[in-house]
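Each remark here refers to the structure printed beneath this line.
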Amino acid sequence: MHDDKTKGFSTRAIHHGYDPMSADGALTPPLHLTSTFAFETAEQGGARFAGEAPGHIYTRISNPTTELLEQR
């Protein structure tokens, strides 16, 4: 593992707070370009659309890529 002090400001800013193991080892955050997401059950989908359960339902509303940006 490299010492963050040897990395430039831009590199540290881009990669700050990102754990590659959270995205199957991808060194940079993947872009999620899908428009819809699958649900375990119809009830789960209904709860998400109603705002009663966390999770993504449609990319224009939220997705893992924008969620990562919001966390940073």
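The values are calculated or read from the model by the stated rules, or taken from the named source; none is laboratory data. Nothing here was measured: the structure is a model prediction, and the numbers come from that model. For neighbour counting, all protein chains shown are included, and Cβ atoms are generated from backbone atoms with ideal geometry for every residue, glycine included.
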Some residue of the stretch 53-65 being outside any helix (DSSP H, G or I) and touching a Gly at 6+ places or on another chain (Cβ under 6 Å): no
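Out of A47, A42, A26, report the one residue that is in contact with a helix residue (DSSP H, G or I) (Cβ under 7 Å, 6 or more places away or on another chain) and among the small types (G, A, S). Walk me through how you get there before you give the answer.
Details: A47 fails: in contact with a helix residue (DSSP H, G or I) (Cβ under 7 Å, 6 or more places away or on another chain); A42 fails: in contact with a helix residue (DSSP H, G or I) (Cβ under 7 Å, 6 or more places away or on another chain).
A26 is the lone residue from the list that is in contact with a helix residue (DSSP H, G or I) (Cβ under 7 Å, 6 or more places away or on another chain) and among the small types (G, A, S).
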Condition broken by G45, with the remaining ones in (1) over 16 Å from the mean Cα position of the chain (by Cα); (2) of a type outside the set (V, I, T); (3) at pLDDT below 85 satisfied: (3)
Residue in the stretch 18-27 that is touching a Lys or Arg at 6+ places or on another chain (Cβ under 8 Å) and surrounded by fewer than 10 Cβ atoms within 10 Å (Cβ to Cβ) present: no
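Under the condition of being under 17 Å from the mean Cα position of the chain (by Cα) and over 20 Å from E70 (Cα atoms), which residue from the stretch 1-38 is modelled with the lowest pLDDT?
Filtering the stretch 1-38 down to residues under 17 Å from the mean Cα position of the chain (by Cα) leaves 13-38.
Restricting the remaining residues to those that are over 20 Å from E70 (Cα atoms) gives 24-25, 38.
Numbers: D24: 72, G25: 77, A38: 93.
My answer is D24.
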Residue count, the stretch 48-71 (criterion: of a type in the set (D, E, K, R) and modelled with pLDDT under 90): 3
Any hit, the stretch 54-61, residues being free of Cβ contacts under 8 Å to residues at least 24 places away in the same chain and on the phi > 0 side of the Ramachandran plot: yes
